[in-house]
Every structure is written in C-alpha cells, then in structure tokens.
1. Please work out the Kirkwood hydrodynamic radius for segment 1-135, using every pair of different C-alpha atoms, and report it in angstroms with one decimal place.
2. Among 283, 169, 242, which residue has its Cα positioned farthest towards the positive end of the charge dipole of segment 8-289, with +1 placed on the Cβ of Lys and Arg, -1 on the Cβ of Asp and Glu, and the dipole taken about the Cα centre?
3. Magnitude of the Cβ-charge dipole of the chain, K/R +1 and D/E -1, about the Cα centre, nearest 20 debye?
4. Along each principal axis of its Cα atoms, how long is segment 8-289 end to end? Whole angstroms, biggest number first, please.
5. So for the chain: antiparallel DSSP bridges make up what percent, rounded to the nearest 5?
6. Holding the Cα-Cα limit at 29 Å, pick out from 174/254; 84/270; 117/270; 117/288 the pairs that are longer than that.
Amino acid sequence: MTKPLARIDLHTHSTRSDGRGAPEQVMREAAEAGLDVVALTDHDTSSGWPEAAATCAEMGIEFVPGIEVTTRAIIARGDGTFEKFSVHMLAYFVDPEERGLATALEASVSSRTARLKQITELLAQDYDLDWCHVEEVLANGKTAGRPALADAMINRGLIGERAEFFEFVRPGSKYYVPNRGVPTPEEGIRLIRGAGGVPIIAHPMARGQGPRPGQPMPTAHFESMIEAGLGGFETFHRDVAPHVSEWLQQLAFKHDLVLTGSSDYHGTGKPNRLGENLTAPEMFERLKAQVRQ
C-alpha cells in the first residue's frame, strides 16, 4: 500500500529513448526531487528497467516499470476527409517479452528508423545534414525519433535547442513524415492488456491538438479506446489544456477510470521538471489493482 502523502511521478525518459540522462541518473534525480514513486517510460523499449530498478532500490524509492507505446489514430471528419495523428499509450507493469507486444514494439522501432531516414533526406535539401550525423546520436542508444534528429542538428550547430527543431519539423510541414508502422490506439490497448499491463493514454490532445474551448470533444474516439480496455488518462500534464483536462476528468468519472499526473521528464532540453505534476496515491493503487498477476 502506497503511503497517503507519497509523491508519485509516472512518466520519465532516459537515454534509452529521447531523454538526456541515463536510467540511473534519472532515478537519482527523482530521489533528489523528493519523489517516493517513479516510472521509467521510454519510447517503445524496456531496456532501461534493470538499471532504473536497481538505482531505485538503492535510493529507497518505488520503481514502476513502464513503456510509452506509439500508436496512430485515423479519425473520419464530417467533410469526408480523415485526420491522422500519433497517440502515445503509457503501458505500466507489462511483460515486455509477451509475444504480441514485443513484436509490435520491434516493428515500431524499425518503422521509426525508416521514417527518420526520410525526414533526414528532406532536411538535407536545405541543411548541411547527412544520415551519418544522425547515426552518431543513435550510437549512444537513443530511440530513432525526432529528438535524436534534433540532437544531430544541434551537434552540427544548425539549431540551438530541440524546441527550435519542433517548430519546423511538425505535422503539416514540408519536413514531416508520419510514423505508419505502428498499431492503432485500440490495438495498442489490447496488446498492453494482453501483456498483463495497464494502458493509460499519455498527455491526451496535448500541445493544442484538441478542440478549442466550446468546440465538440472527440467523444466517440475516446469511448472507442475505453471499450478496448483503456485504463485512464494522464490528465495532469503541462501540455494538456485546462478545458481538455476538465473534460477528461468528467469522462473518467463517468467510466470509472484512473487519472494520473506526471512530469514527462526528459532532462535538459525540455522545461519539464520532475514532480511538477503528480499522481494521487489512491489513483496509483487503483492502477496497480488492474495489473494481471
């Protein structure tokens, strides 16, 4: 049983994906930040778990094994067109060796690499950049995602920080290529449940991707995920707008779902700070109660 006043942060990243610190470093920083429970949720990999778990045991904090699973949604608009966008699914307490999930993660990583090569080729038309520069970053164990490409451009002196990169390599820009080799959100949820874990959607409709205040919310899309077995929402996150968070809390109450809060910590390069948003201990207990033994 988690103590009533425990400080719980369920979303952090290390160098095993797009974070700036090794798993051990992230866990030590979590302890220094006064956290009692912390999850490592690198993108599409569990490779940092052993190092993180050992450090947490040493520091006297509870470790939560997690993976941020990449999925892709396709939603029909009223005008007959389709909207396609990434949905990140936090998978807690999963068995990473379960065949279905492991196969999906391997396919996602492979797809990421192919996608990154395409984006690099597009950027090379306007910038002094080559795939070998990206490989230098990936050689340190980083996930083949846009942050790795941003770091390659920083190393080349082409940009100053990651935030600058995401201003011009974003959906709709001439450099952007979507990640197509990933499951749908519903498929991802079923894979996570099949591996014994609990799926929580990460930062829903973050960074202004959701409807503006007063506009209709994508209820059908979210209820489809709930029907597939979604466990809850990461509602308390710096990039989730207040009106979106309020709507998600109402939806969670209606369907008896878990609400979490997290930092989405990446170390230097992003303003997110460990413990800036927290998960209530009673919600964490509800999340753990869903884990298949």
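Values quoted throughout were computed directly from the atomic coordinates according to the rules given, and no laboratory measurement underlies them. Just so we're clear, the structure is a prediction, and the values are computed from it rather than from any experiment. With ideal geometry, Cβ positions are generated from the backbone for all residues, glycine too; neighbour counts draw on all protein chains shown.
1. Details: mean 1/r = 0.0586 Å⁻¹.
Hydrodynamic radius (Kirkwood, Cα pairs) of segment 1-135 is 17.1 Å.
2. About the Cα centre, the residue reaching furthest to the positive side is 169.
3. Details: 30 positive and 40 negative charges, 114 e Å.
Approximately 540 debye in magnitude.
4. So the extents along the principal axes, rounded to whole Å, are 56, 51, 37.
5. Working: 15 of 29 bridges.
Counting DSSP beta bridges with both partners in the chain, the antiparallel share is about 50 percent.
6. Numbers: 174/254 41 Å; 84/270 26 Å; 117/270 24 Å; 117/288 39 Å.
Beyond 29 Å between Cα atoms: 174/254; 117/288.
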